[in-house]
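Q: My questions all concern the structure below.
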């Protein structure tokens, strides 16, 4: 299906693809890194700190903090324009997507009234099918494993 | 096909106790003992959807025209035509075949 930023259409304008909220670069230094593990040597500690700070950087780059962002300045007419653009794009996409053939119910008949009004299944047929199903069930329930040898053997080491 | 045209034929089915006409969006028409019976509609839809996926080997089409759910006193007969599912509840009092 594609992730949020994937796009097959290279003609999108800069306005459309510019993120609304710029990703927040990490400004907080990693605190609590010193002294929490007094046993390790200083070089191992700085490696750990470097790892932790890289993880923090990566996470911060992937997270968009909505509350910390500045107020979004969008002109009302521009807002309406964008809303209209998005909704037309949505309708175009939804109509052009192929219908899921597998989920559509196949038509069984073109004469539903005739098919539904015709004679019901004779009781003798129902009895016979029930008997056959009972035999099949009984046969299947008798399937069992006939263990002849052990499944796990020891290799004989001379 | 107008709903009236769909249901008129179902009304005339002998010994019918009620019917449902169901589409992907929901119940289009209902009458008799099946009037407003959304639960039965849901169950029948699921059953016929599952059954219409059966295929006999070497065939591309579903191997049946009508699905019958046979209970003690009545039968639900179900078929699909033109993206619509038709369910008719009919009287069923054949038990032992009477041999004279």
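The values are calculated or read from the model by the stated rules, or taken from the named source; none is laboratory data. A quick note: this is a predicted structure, and the numbers were derived from the prediction, not measured. Note that we place each Cβ from the backbone using ideal geometry, even for glycine, and neighbour counts take in every protein chain shown.
Q: In contact (Cβ under 8 Å) with a residue 60 or more places away in the chain, crowded, with 16+ Cβ neighbours inside 10 Å and facing chain A (nearest Cβ under 8 Å): which single residue out of B:75, B:85 fits that description?
A: None of the other options fit; the residue is B:85.
Q: Out of A:125, A:150, A:146, A:119, which single residue is within 14 Å of chain B (Cβ to nearest Cβ), over 41 Å from the mean Cα position of the chain (by Cα), at pLDDT below 95 and surrounded by fewer than 10 Cβ atoms within 10 Å (Cβ to Cβ)?
A: On the way: A:125 fails: surrounded by fewer than 10 Cβ atoms within 10 Å (Cβ to Cβ); A:150 fails: within 14 Å of chain B (Cβ to nearest Cβ); A:146 fails: within 14 Å of chain B (Cβ to nearest Cβ).
Of A:125, A:150, A:146, A:119, the one residue that is within 14 Å of chain B (Cβ to nearest Cβ), over 41 Å from the mean Cα position of the chain (by Cα), at pLDDT below 95 and surrounded by fewer than 10 Cβ atoms within 10 Å (Cβ to Cβ) is A:119.
Q: Return the total of residues in the range B:88-97 being at the interface with chain A (Cβ under 7 Å from one of its Cβ atoms) and surrounded by fewer than 19 Cβ atoms within 10 Å (Cβ to Cβ).
A: First, the residues of the range B:88-97 that are at the interface with chain A (Cβ under 7 Å from one of its Cβ atoms): B:88, B:90, B:92, B:94-95, B:97.
Going one step further and asking which of them are surrounded by fewer than 19 Cβ atoms within 10 Å (Cβ to Cβ), we end up with B:94-95, B:97.
The qualifying residues number 3.
Q: With respect to residue B:70, is the statement that it is buried (at least 17 other Cβ atoms within 10 Å of the Cβ), within 11 Å of chain A (Cβ to nearest Cβ) and either touching a helix residue (DSSP H, G or I) at 6+ places or on another chain (Cβ under 6 Å) or within 20 Å of residue A:120 (Cα to Cα) (or both) true?
A: Judged against the criteria, residue B:70 is not a match.
Q: In contact (Cβ under 8 Å) with a residue 24 or more places away in the chain, within 13 Å of chain A (Cβ to nearest Cβ), buried (at least 16 other Cβ atoms within 10 Å of the Cβ) and in a strand (DSSP E or B): does that describe residue B:13?
A: So residue B:13 does not fit the description; no.
Q: Right, another one. Go through the range B:31-67 and give me each residue that's more than 19 Å from residue A:122 (Cα to Cα), facing chain A (nearest Cβ under 8 Å) and not in a helix (DSSP H, G or I).
A: The answer is B:52, B:61, B:62.
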